[in-house]
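Input: a single structure, listed below in structure tokens.
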Amino acid sequence: MSASKVLADGYGQCNTKGTLFMALLRACNIPCRVHGFTIDKSLQKGAMTGFVYRNAPKNIFHSWVEINFENQWYELEAFILDKTYIKKLQERNPECKGAFCGYGVAVKDFRNLIIEFDRNNTYIQSEGINQDFGVYDCPDELLKEHHQEISAFKAFAYRHIGRHLMNRNVRKIRER
């Protein structure tokens, strides 16, 4: 999806938010690139439920944005989830003191997430990576070589139903 389509939709997932983020960074003359890979679907359990989760591929296409700031490249992934959502997940899982995997999160230390940028990398799903595609100058270049491997029917169902249900689940978690 183009950045303008993501804005028109009013929400997105990791890859669409990355496309929008890159457009905003470039509008501010901040050099950036996209890093593509796949993540294990288990880290989406809870954000994806029911038939959406059952029919999701084992390896889900994912990406983060890298920026060049003060002549250093930084990997920024944590922008895909907001503080309120993460806080609600932590409240729902008070027993979790170490690694956590689910609800769109896969990290080593659930209580001490590095999600704020202060000249550092930020991650929220890095522990779920299972296939790395490397870096590309733009999302379109990445998608020419790598994309989600699913049938046309599943792609249609996800685009028109699944992503909306996933966003509804995330909204419910955030509002509780």
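The values are calculated or read from the model by the stated rules, or taken from the named source; none is laboratory data. Because the structure is predicted, anything quoted here is derived from the model rather than measured. We place every Cβ from the backbone using ideal geometry, glycine too, and count neighbours over all the protein chains shown. Remember, those area values only see protein heavy atoms, side chains included, never the ligands or the DNA or RNA. Shrake-Rupley method; radii C 1.70, N 1.55, O 1.52, S 1.80 Å.
When residues of region 1-36 are filtered for being of a type outside the set (Asp, Glu) and part of a helix (DSSP H, G or I), how many remain?
Adding up the residues that qualify gives 20.
Scan region 25-55 residue by residue and report those that are within 30 Å of residue 71 (Cα to Cα), open to solvent by 40 Å² or more (accessible area, probe 1.4 Å) and more than 17 Å from the chain's Cα centre (by Cα).
26, 27, 28, 29, 30, 31
What tally of residues in region 129-164 results from selecting those that are open to solvent by less than 70 Å² (accessible area, probe 1.4 Å), over 16 Å from the mean Cα position of the chain (by Cα) and over 26 Å from residue 33 (Cα atoms)?
Counting residues in region 129-164 that are open to solvent by less than 70 Å² (accessible area, probe 1.4 Å), over 16 Å from the mean Cα position of the chain (by Cα) and over 26 Å from residue 33 (Cα atoms) gives 2.
Just one of the numbered conditions (1) closer than 20 Å to residue 76 by Cβ; (2) in contact (Cβ under 8 Å) with a residue 40 or more places away in the chain is not true of residue 27; which one?
In the conditions (1) closer than 20 Å to residue 76 by Cβ; (2) in contact (Cβ under 8 Å) with a residue 40 or more places away in the chain, residue 27 misses (2) alone.
Note down all Cβ pairs under 6 Å where the first residue falls in region 159-176 and is assigned to a helix (DSSP H, G or I) and at pLDDT 85 or above, the second is among the charged types (D, E, K, R) and open to solvent by 20 Å² or more (accessible area, probe 1.4 Å), and they're at least six residues apart or on different chains.
Taking only residues 6 or more apart or on different chains, the pairs are 173/88; 174/88.
Which strands (runs of 3 or more DSSP E) does region 56-125 wholly contain that include 3 or more residues that are crowded, with 20+ Cβ neighbours inside 10 Å and of a type outside the set (Ser, Thr, Tyr)?
Here the list reads 59-69, 105-107.
Which one is modelled with the lowest pLDDT, of the residues in region 71-90 that are more than 16 Å from residue 175 (Cβ to Cβ) and acidic (Asp, Glu)?
Among those that are more than 16 Å from residue 175 (Cβ to Cβ) and acidic (Asp, Glu), it is 77.
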